[in-house]
1. Determine if region 249-266 includes at least one residue that is open to solvent by 60 Å² or more (accessible area, probe 1.4 Å), under 22 Å from the mean Cα position of the chain (by Cα) and modelled with pLDDT under 95.
2. For Ala2, indicate whether it is at pLDDT 95 or above, open to solvent by 50 Å² or more (accessible area, probe 1.4 Å) and closer than 22 Å to Phe157 by Cβ.
3. Criterion first (free of Cβ contacts under 8 Å to residues at least 40 places away in the same chain, touching a strand residue (DSSP E or B) at 6+ places or on another chain (Cβ under 8 Å) and under 19 Å from Ser241 (Cβ atoms)) does Leu79 satisfy it?
Amino acid sequence: MASNTQLGLVGLGKMGFNMRDRIRAAGHEVVGYDRNPDVSDSASLADMVGRLEAPRLVWIMVPAGEPTRQTITELAGLLDAGDMVIDGGNSRFTDDQQNSELLDQKEIGYLDCGVSGGVWGKDNGYGLMVGGRAEHVERAMPIFDALRPEGPREEGFAHAGPVGAGHYAKMIHNGIEYGLMQAYAEGFELLETADLIENVPAVIKAWQRGTVVRSWLLDLLVRALDSDPELDDLRGYVDDSGEGRWTVEEAINLAVPAPVIAAALFARFRSRQDDSPAMRAVASLRNQFGGHAVHQAGPTSGAGSTQG
């Protein structure tokens, strides 16, 4: 493909909006469509497709499940042979084969892409895990290169395997994320509960350099504590997007022990029954990296997110 690639981008929410900006900053043309006319570049999905030159490349960033299926079904009626669709949402990997088969009937290519980076991806880049045929991956590589972090491609991008592999890899990524957040959260609660510790934020901040537990998630926890040292401005109510559940289901199906990820998932369920410092930490971390909604402490609470 030419160095300047044209992309149709469906879904301009927290992730899609920032992805559009990053892709444009890399010199590519993006025609976006969103049901919100304030952020959309086109009046409808059909209008967006009509403004793209064949062979078209369309990236979908809409909620998983029925919204994604409906979007792909509509695109199947609008696109032509030789066009290609990338599902970059958090779809379950078992949906990808069905989507691919539907589009294959019209000789439209399909890739599934797990995307990690949250609201910080616009500046830092996104980790990308892709499933599909090698020739389709190569065709979309200019867009993948625009989205991934700077540095060696293999440190921010992977062609994980055939259709479904990208979302499968992202599912496992999110399961690991559950476990990591839960470990930090439980450590926070132990420190906060211990009478011996007088400055919890200082202890956690000291872990940022030279320790084996340093990470970007730890940096985000420090950031949250800087603005709310006891994390008592929100409730410890934590939603889940479904990917942690799917990871545990896969562990059961494959007879692979995954006690940490399973425990982290069940801790989220427990958080919806009462409040705890640990789950306030998890809620805060999700808000930090993904911009997910939180439940504020007090007589009224905000709506929960179901995205991560």
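The values are calculated or read from the model by the stated rules, or taken from the named source; none is laboratory data. None of the values given here were measured: they were computed from a predicted structure. Backbone-built Cβ (ideal geometry, glycine too); neighbour counts: all protein chains shown. Areas reflect the complete protein model, heavy atoms only, side chains present, ligands, DNA and RNA absent. Shrake-Rupley method; radii C 1.70, N 1.55, O 1.52, S 1.80 Å.
1. Yes, the conditions are met somewhere in region 249-266.
2. no
3. No: the conditions fail for Leu79.
Residue-by-condition table, conditions (1) of a type in the set (A, V, I, L, M); (2) part of a helix (DSSP H, G or I); (3) open to solvent by less than 50 Å² (accessible area, probe 1.4 Å):
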{"site": "Leu111", "(1), (2), (3)": "yes, no, yes"}
{"site": "Val115", "(1), (2), (3)": "yes, no, yes"}
{"site": "Gly121", "(1), (2), (3)": "no, yes, yes"}
{"site": "Leu128", "(1), (2), (3)": "yes, no, yes"}
{"site": "Glu135", "(1), (2), (3)": "no, yes, no"}
{"site": "Glu138", "(1), (2), (3)": "no, yes, no"}
{"site": "Met141", "(1), (2), (3)": "yes, yes, yes"}
{"site": "Phe144", "(1), (2), (3)": "no, yes, yes"}
{"site": "Gly151", "(1), (2), (3)": "no, no, yes"}
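Residue-wise test of (1) polar (S, T, N, Q); (2) under 30 Å from Ser91 (Cα atoms); (3) surrounded by 15 or more Cβ atoms within 10 Å (Cβ to Cβ).
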| position | (1), (2), (3) |
| --- | --- |
| Met171 | no, yes, yes |
| Asn199 | yes, no, no |
| Gln208 | yes, no, no |
| Thr211 | yes, no, no |
| Trp216 | no, yes, no |
| Glu243 | no, yes, yes |
